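Q: Quick one: the structure is below, and I'll ask about it shortly.
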Amino acid sequence: MTTLVSRRTLLKGGLAVGAGLAVGFPVVRAARGVARAESPGVFAPNQWLRIDRDGVVTIVNSVPEMGQGSLTTTPMIIADELDVVLDQVRVEQAPANPGLYKNPVTGNQSYGGSRGVRDHLAMWRKAAAAAREMLMQAAASEWAVPVESVETEPGAVVHRPTGRRLLYGQLVDRAQALPVPQDPKLKTPDKFRYIGKHVHRRDTPEKITGRGIYGVDVRLPGMLVASIERCPVLGGKVKSFDGTAAKRVRGVKHVVQVSNGIAVVADGFWSALQGRKALQVTWDEGPTAQVSSAMIAREYEAAAKQPGQVARNDGDAERVLAAGGRVHEAVYQVPFLEHACMEPMNATAQVTPEACVIWAPTQNPGGTQATAARLTGLPPEKVTVHTTLLGGGFGRRGEVDFITDAVETAKAVGAPVKVMWTREDDITHGFYRPATYNSFRAALDANGMPAAWRTRMVGPGILIQKGRVKAGEVDPAAVEAVRNMPYDVPNLRIEWTNKDFGIPIGFWRSVGASQNGFIIESFIDELAHLAGRDPYEYRRALLGKSPRHKAVLELAATKASWGAPLPPGRGRGIAVVFSYGSYAATVAEVSVAADGAVRVHRLVAAIDPGLAVNPDQVKAQMEGGVVYALTATFYGRITIDRGRVQQSNFNDYPMSRINEMPVVDVHILDSGEAPGGLGEPGVPTVAPAVCNAIYVVTGKRIRTLPIDREELKRV
């Protein structure tokens, strides 16, 4: 079902999407010191929450909802600390305003890296606790009693000695005049009603009934729809074009050149596509037209034979390796990968001389606002960004290329325009997870333990390509989960070579850890088998300096009944990886058919996320990570020929299907530590656990992803 939404409706208050839950846009502004609100009768101690005279609590959620559950966890946290009934809390999505709604850790209004809870938990708790203290002080003043004699119950302040009671709504005006506490007392965990408890997702009913508003659902009066013809070569540009034939297509209104190609603007998507097919374009293909996957592979291999930049150097690995003894070598390779969000990229924009308004499924509201300001010449405060629900993010929607499309096109034609990408556009013009080549050498001591270890990594650096790390430095994202590997090896050397062929790269779910977890956990497994040791016990012996790794590894192994007999033809593999503030381990139970087909029967996953705000959502994120990781393990591969991506849709870039999904058991280790991330940590351990299990069954080591079924056939 599609909801028709006028611009006026959106600007006035948002979209109601369920009882007790609304996604809209806040009108509250707050200053440090004394609470202020634009409307009388509203208690707004800060920008994150307000209470009106009817006792309605409205909170502002700055984290885009992309499936991770921010529309549930944010109100859980604030409701607990404020002491209100969760079902009575309304939620508004924050507009783009980095000065007001920035991430307190990163300092910007952009969301990735599983930062929703771990970066905001303390801030949200403090904001709600301050409001609660002010309400208590207001009630104490009303009754002329010491504030120590009052307490709260959901939605009200109670005077303990007399039982007198005032609802929060009755205290709004008095509380509004009070100074805002800068160091409010937080609740102890034993007082939590919601944090740490299973709470059903509040956005699920809207999503399954179609009432939730995604970017593709936005409709405005007078809105046109555009599709953009892009150069088939990555990085190529328009040299010249003729839009005459395109304009003859029924429904086509405009043909305009924009930064990313030629926009065909029509009264509907089908007309825009037909007009796009009629375009005549000459392209300047640029230098990437000479690039192919075979060239990249050759250059990577050659680079790995030479020393790279040193990312870590403990002891003297080169000397020990040169001394000989039992030395083991291996090479691991991973391909480029596309995010393949279920909702293709899209954005809607309306540009006038006075203002720009954008509706978009973006992970980057602040970057969206800044991009639009730059393109229109308007000051940022004249750019309004409405963040819709996201049909998958995975890092892809942190980019602003699709925002540029919409703003430039709308500005050119003088009407509101929705730019829609096709699936083919998505696959062939993404920001890909880097392809890498990784060589390993390790020397084992008399007990079979690694005495020396060297890893040489070759590939492009995301942060360098995006200008966030200087060229010539080691890119932290490229060496994540390798440079900080947890195993206690006395002589350890990690090298990295930046080899960038101009293929656009980006942050793919769990980024460096997604591929580096595979290479590290596979190679340590090789060493365990070479030493004749149980892979689980081998890891445990090397994790003496990493107790949280060890604890989560032990939990996964115990819950998977590691060492217990399995049905004939099945084997177990194990892996443990730290990423984005959380520690995760996975045990995979696998069989391999005679034709090489791999069946994953069961995955047992354990995670130490520090504090699990909503355990049900923790499990859901781990399960979702499994699906994403299995897709990459069995199918994911983007290849390049003459600068062109060879895959185009789900027929040649397939996803895991429901009949391939194993049983997934998720176990949470409550360590009591600071909260870690959830969306990303479920990914890195899956591929190595599965491939390590394949080795147990077949004796064949998978060192290149995706898994080649032909290599596993039994002749």
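The values are calculated or read from the model by the stated rules, or taken from the named source; none is laboratory data. Worth saying up front: this structure is predicted, and the values here are computed from it rather than measured. Note that each Cβ is placed from the backbone with ideal geometry, even for glycine, and that neighbours are counted across all protein chains shown.
Q: Could you run through the stretch 561-606 and say how many residues are among the polar types (S, T, N, Q) and free of Cβ contacts under 8 Å to residues at least 24 places away in the same chain? Full working, then the answer.
A: To start, the set of residues in the stretch 561-606 that are among the polar types (S, T, N, Q) comprises 561, 579, 582, 586, 591.
Filter once more, so that each one left must be free of Cβ contacts under 8 Å to residues at least 24 places away in the same chain: 561.
Matching residues across the stretch 561-606 total 1.
Q: Right, another one. Take the residues of the stretch 318-345 that are loosely packed, with under 15 Cβ neighbours inside 10 Å and part of a loop (DSSP other than H, G, I, E, B): which is modelled with the lowest pLDDT?
A: Here the residue is Gly324.
Q: For the stretch 17-45, give me each residue that is of a type outside the set (Val, Ile, Thr) and either modelled with pLDDT of 95 or more or at positive phi (or both).
A: In the first step, residues of the stretch 17-45 are kept if they are of a type outside the set (Val, Ile, Thr); the result is 18-22, 24-26, 29-33, 35-41, 43-45.
If the condition is that a residue be of a type outside the set (Val, Ile, Thr) and either modelled with pLDDT of 95 or more or at positive phi (or both), then Gly18, Gly20, Gly33, Gly41, Phe43, Ala44, Pro45 are the ones that fit.
Q: Now, a different point. State yes or no: is Ala410 of a type in the set (Gly, Ala, Ser), surrounded by 23 or more Cβ atoms within 10 Å (Cβ to Cβ), in contact (Cβ under 8 Å) with a residue 12 or more places away in the chain and touching a helix residue (DSSP H, G or I) at 6+ places or on another chain (Cβ under 8 Å)?
A: On the way: of a type in the set (Gly, Ala, Ser): yes; surrounded by 23 or more Cβ atoms within 10 Å (Cβ to Cβ): yes; in contact (Cβ under 8 Å) with a residue 12 or more places away in the chain: yes; touching a helix residue (DSSP H, G or I) at 6+ places or on another chain (Cβ under 8 Å): no.
When the stated conditions are applied, Ala410 does not pass them.
Q: Hey, can you tell me all the residues within the stretch 109-126 that are crowded, with 23+ Cβ neighbours inside 10 Å and either more than 27 Å from Pro681 (Cβ to Cβ) or not small (Gly, Ala, Ser) (or both)?
A: Gln109, Tyr111, Val117, His120, Trp124
Q: Please work out if Gly391 is over 30 Å from Ala541 (Cα atoms) and in contact (Cβ under 8 Å) with a residue 40 or more places away in the chain.
A: On the way: over 30 Å from Ala541 (Cα atoms): yes; in contact (Cβ under 8 Å) with a residue 40 or more places away in the chain: yes.
Answer is yes for this residue.
Q: While we're on this one: Quick check, is Leu220 farther than 22 Å from Pro504 by Cα and either in a helix (DSSP H, G or I) or without any contact (Cβ under 8 Å) to a residue 24 or more places away in the chain (or both)?
A: On the way: farther than 22 Å from Pro504 by Cα: yes; either in a helix (DSSP H, G or I) or without any contact (Cβ under 8 Å) to a residue 24 or more places away in the chain (or both): no.
When the stated conditions are applied, Leu220 does not pass them.
Q: Can I ask one more? For the list (1) crowded, with 22+ Cβ neighbours inside 10 Å; (2) part of a helix (DSSP H, G or I); (3) not small (Gly, Ala, Ser), I need the number of the one condition that Phe578 fails.
A: Phe578 satisfies every listed condition except (2).
Q: Also: Return the residue satisfying two criteria in turn: it lies in the stretch 468-487 and is of a type in the set (A, V, I, L, M, F, W, C) and in a loop (DSSP other than H, G, I, E, B), and of such residues it is surrounded by the most Cβ atoms within 10 Å (Cβ to Cβ). Reasoning before the result, please.
A: Filtering the stretch 468-487 down to residues of a type in the set (A, V, I, L, M, F, W, C) leaves 469, 471, 474, 477-479, 481-482, 485.
Retained after the next criterion (residues that are in a loop (DSSP other than H, G, I, E, B)): 469, 471, 474, 481-482, 485.
Details: Val469: 18, Ala471: 11, Val474: 22, Ala481: 23, Val482: 22, Met485: 25.
Among those residues, the one meeting the criterion is Met485.
Q: Which one of these is of a type in the set (Gly, Ala, Ser), crowded, with 22+ Cβ neighbours inside 10 Å and modelled with pLDDT of 95 or more: Ala531, Ala551, Ala560? Step through it out loud before you land on a result.
A: Details: Ala531 fails: crowded, with 22+ Cβ neighbours inside 10 Å; Ala551 fails: crowded, with 22+ Cβ neighbours inside 10 Å.
Every option except Ala560 fails the conditions.
Q: Within the stretch 389-407, restricting attention to residues that are in a helix (DSSP H, G or I) and touching a Phe, Trp or Tyr at 6+ places or on another chain (Cβ under 7 Å), which residue is surrounded by the fewest Cβ atoms within 10 Å (Cβ to Cβ)? Talk me through it step by step, then tell me what you get.
A: Of the residues in the stretch 389-407, the ones in a helix (DSSP H, G or I) are 396-398, 401-407.
Filter again for touching a Phe, Trp or Tyr at 6+ places or on another chain (Cβ under 7 Å), leaving 396, 398, 402.
Numbers: Arg396: 25, Gly398: 19, Phe402: 27.
Filtering first and then ranking leaves Gly398.
Let's see how each residue does on (1) touching a helix residue (DSSP H, G or I) at 6+ places or on another chain (Cβ under 9 Å); (2) in a helix (DSSP H, G or I); (3) over 19 Å from Gly610 (Cα atoms):
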{"site": "Val91", "(1), (2), (3)": "yes, no, yes"}
{"site": "Ala96", "(1), (2), (3)": "yes, no, yes"}
{"site": "Gly107", "(1), (2), (3)": "yes, no, yes"}
{"site": "Arg118", "(1), (2), (3)": "no, yes, no"}
{"site": "Leu121", "(1), (2), (3)": "yes, yes, no"}
{"site": "Arg125", "(1), (2), (3)": "yes, yes, no"}
{"site": "Ala128", "(1), (2), (3)": "yes, yes, yes"}
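Q: Looking only at the stretch 257-273, how many residues end up being closer than 21 Å to Pro344 by Cα, touching a strand residue (DSSP E or B) at 6+ places or on another chain (Cβ under 8 Å) and not aliphatic (A, V, I, L, M)? Steps first, please.
A: Going through the stretch 257-273, the residues closer than 21 Å to Pro344 by Cα turn out to be 258-273.
After this cut, where a residue has to be touching a strand residue (DSSP E or B) at 6+ places or on another chain (Cβ under 8 Å) as well, the list is 258, 260-269, 271-273.
Those left that are additionally not aliphatic (A, V, I, L, M): 260-261, 267-269, 271.
Residues in the stretch 257-273 being closer than 21 Å to Pro344 by Cα, touching a strand residue (DSSP E or B) at 6+ places or on another chain (Cβ under 8 Å) and not aliphatic (A, V, I, L, M): 6 in total.
Okay, residues lined up against (1) out of contact with any helix residue (DSSP H, G or I) (no Cβ under 8 Å at 6 or more places or on another chain); (2) crowded, with 16+ Cβ neighbours inside 10 Å; (3) charged (D, E, K, R):
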position	(1), (2), (3)
Glu153	yes, no, yes
Val157	no, yes, no
Arg160	no, no, yes
Leu166	no, yes, no
Asp173	yes, no, yes
Leu178	no, yes, no
Pro181	no, yes, no
Lys185	no, no, yes
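Q: Could I ask something else about it? Need pairs with beta-carbon distance below 7 Å; first residue closer than 26 Å to Glu151 by Cβ and within the stretch 78-106, second charged (D, E, K, R) and in a helix (DSSP H, G or I); sequence gap 6+ or separate chains.
A: Cβ pairs passing all conditions: Glu81/Arg125; Glu81/Arg132; Leu82/Arg132; Asp83/Arg132.
Q: Let me ask you something else. When you go through Asn260, Asn313 one by one, which is the residue that is of a type in the set (S, T, N, Q), surrounded by 14 or more Cβ atoms within 10 Å (Cβ to Cβ) and either closer than 23 Å to Asp401 by Cα or free of Cβ contacts under 8 Å to residues at least 40 places away in the same chain (or both)? Give the steps one after another, and end with the answer.
A: Working: Asn313 fails: either closer than 23 Å to Asp401 by Cα or free of Cβ contacts under 8 Å to residues at least 40 places away in the same chain (or both).
Of Asn260, Asn313, the one residue that is of a type in the set (S, T, N, Q), surrounded by 14 or more Cβ atoms within 10 Å (Cβ to Cβ) and either closer than 23 Å to Asp401 by Cα or free of Cβ contacts under 8 Å to residues at least 40 places away in the same chain (or both) is Asn260.
Q: Could you check the stretch 137-155 and list, in sequence order, the residues that are without any contact (Cβ under 8 Å) to a residue 24 or more places away in the chain and among the hydroxyl-bearing types (Ser, Thr, Tyr)?
A: First pass over the stretch 137-155, keeping only residues without any contact (Cβ under 8 Å) to a residue 24 or more places away in the chain: 140, 143-151.
Passing the criteria: only Ser149.
Q: In the stretch 498-527, how many residues are surrounded by fewer than 22 Cβ atoms within 10 Å (Cβ to Cβ) and not in a loop (DSSP other than H, G, I, E, B)?
A: Qualifying residue count, the stretch 498-527: 2.
Q: Another question, then. Is it the case, given these coordinates, that Val158 is in contact (Cβ under 8 Å) with a residue 12 or more places away in the chain and among the aliphatic types (A, V, I, L, M)? Before you say what the answer is, go through the steps one by one.
A: Working: in contact (Cβ under 8 Å) with a residue 12 or more places away in the chain: no; among the aliphatic types (A, V, I, L, M): yes.
For Val158, the condition - in contact (Cβ under 8 Å) with a residue 12 or more places away in the chain and among the aliphatic types (A, V, I, L, M) - is not met.
Q: Now a separate question. If you take the residues in the stretch 408-438 that are part of a helix (DSSP H, G or I) and aliphatic (A, V, I, L, M), which one is nearest to the chain's Cα centre (by Cα)? Can you show your working first?
A: Here is the first cut: in the stretch 408-438, the ones part of a helix (DSSP H, G or I) are 408-413, 423-428.
Keeping just the survivors that are aliphatic (A, V, I, L, M) gives 410, 412-413, 427.
Numbers: Ala410: 29, Ala412: 33, Val413: 34, Ile427: 18 Å.
Only one residue tops the list, namely Ile427.
Yes/no matrix, rows are residues, columns are (1) in the same structural domain as Met622 (by TED's automatic domain parsing); (2) under 29 Å from the mean Cα position of the chain (by Cα); (3) over 22 Å from Gln621 (Cα atoms):
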| position | (1), (2), (3) |
| --- | --- |
| Arg539 | yes, yes, yes |
| Arg548 | yes, yes, no |
| Ala560 | yes, yes, no |
| Gly563 | yes, no, yes |
| Gly569 | yes, no, yes |
| Ala575 | yes, yes, no |
| Gly596 | yes, no, yes |
